[in-house]
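The values are calculated or read from the model by the stated rules, or taken from the named source; none is laboratory data. Fair warning: this is a prediction, and the values are worked out from it, not measured in the lab. FYI the Cβ positions are ideal-geometry reconstructions off the backbone, even for glycines, and counts take in every protein chain you see. For the accessible areas, the whole protein counts, side chains as well, though only heavy atoms, and no ligand, DNA or RNA atoms are used. Shrake-Rupley method; radii C 1.70, N 1.55, O 1.52, S 1.80 Å.
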Amino acid sequence: MGKEYKGKPCVYCLEAEAEDGDHVLSKQFVLVEHRDNLPKVPACKRCNNEKSKLEHYLTAVMPFGGRHEEAGRNLAEQVPGRLGKNERLHRELAEGAELYLVSENGGPWGPGMKVPLEGQALECLFEYMTRGLAFHHWGLVFGPEFAVLAAFLGDAARGPFDGLMAQNAEKVGGKLGGGAFEYEGAMAGDGSGLTVWRMSLYGAVVAGDGDGAGREEQCSAAHCLTAPLDWPSTKELLRMLGD
């Protein structure tokens, strides 16, 4: 147990004391040789357990859609063992795979294959990671007076959100786990707690709702934000994220 974290407020909920540090990017997403220097933040037992449930599911599913080398090696070396312990999930992935036409990040349409993914689980994980990275880089924490959301945006919404990121003054970014996870974030310089982020895991693409013609728009990065709920503009920000 990391003594430097014990007793500090949990950065995920601010309601309980941390019992240990939590890796913002779980070690299970990356291979052993790339697990050094992953950022850790104080986390309580409940939040650590809830985040771990998401990670157990996503470490078995995300490598299938990944384009980064780390995903391929995880798919070959780690995923078979994980699915061997979860027959239901193994069956769902096998039965749910299908071919379709895809446009990624507003690009041309082409053939692709998808496996079923609980998109809400990935968005929820990225919301945890938004809190963790904001604390890691800037010491920020977000109570119930803040919105903390993540979403995979269609082409129409990406432009305005990217413009918002470009406007903010203090920027951070990095690659973790041998590049398996990439992120960039920007914080408003007015002390308001407004931050915006882009995050990508394995470079994996995530499908949108489609256009009703057998085609689906995809994107390879989630957009995330933190914003005060009492701001008039927050409602528009949440609308951009589809909340």
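Below is a table of values for the structure above.
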read-out: Residue in the stretch 154-169 that is more than 17 Å from the chain's Cα centre (by Cα) and of a type in the set (Phe, Trp, Tyr) present; value: no
read-out: Test: residue 27 is of a type in the set (Lys, Arg) and touching a strand residue (DSSP E or B) at 6+ places or on another chain (Cβ under 8 Å); value: no
read-out: Number of the condition not met by residue 135 [criteria: (1) in a helix (DSSP H, G or I); (2) more than 27 Å from residue 46 (Cβ to Cβ)]; value: (2)
read-out: Residue list for the stretch 15-35, restricted to those being more than 20 Å from residue 76 (Cα to Cα) and surrounded by 17 or more Cβ atoms within 10 Å (Cβ to Cβ); value: 18, 19, 21, 22, 23, 24, 25
read-out: Criterion violated by residue 184 - all others in (1) free of Cβ contacts under 8 Å to residues at least 40 places away in the same chain; (2) in a helix (DSSP H, G or I) satisfied; value: (2)
read-out: Odd one out for residue 12 among (1) under 26 Å from residue 221 (Cβ atoms); (2) surrounded by fewer than 21 Cβ atoms within 10 Å (Cβ to Cβ); value: (2)
read-out: Condition check for residue 227: open to solvent by less than 30 Å² (accessible area, probe 1.4 Å) and either at pLDDT 85 or above or not in a helix (DSSP H, G or I) (or both); value: yes
read-out: Selection status of residue 79, at pLDDT 85 or above and open to solvent by less than 40 Å² (accessible area, probe 1.4 Å); value: yes
read-out: Within the stretch 1-100, helices (runs of 4 or more DSSP H) holding 2 or more residues that are over 30 Å from residue 137 (Cα atoms) and in contact with a helix residue (DSSP H, G or I) (Cβ under 7 Å, 6 or more places away or on another chain); value: 79-84, 87-96
read-out: Sole residue being open to solvent by 20 Å² or more (accessible area, probe 1.4 Å), part of a strand (DSSP E or B) and not small (Gly, Ala, Ser), chosen from 141, 172; value: 172
read-out: Exclusive hit being of a type in the set (A, V, I, L, M, F, W, C), under 14 Å from residue 202 (Cβ atoms) and either touching a Leu at 6+ places or on another chain (Cβ under 7 Å) or surrounded by fewer than 14 Cβ atoms within 10 Å (Cβ to Cβ) (or both), set 94, 71, 60; value: 60
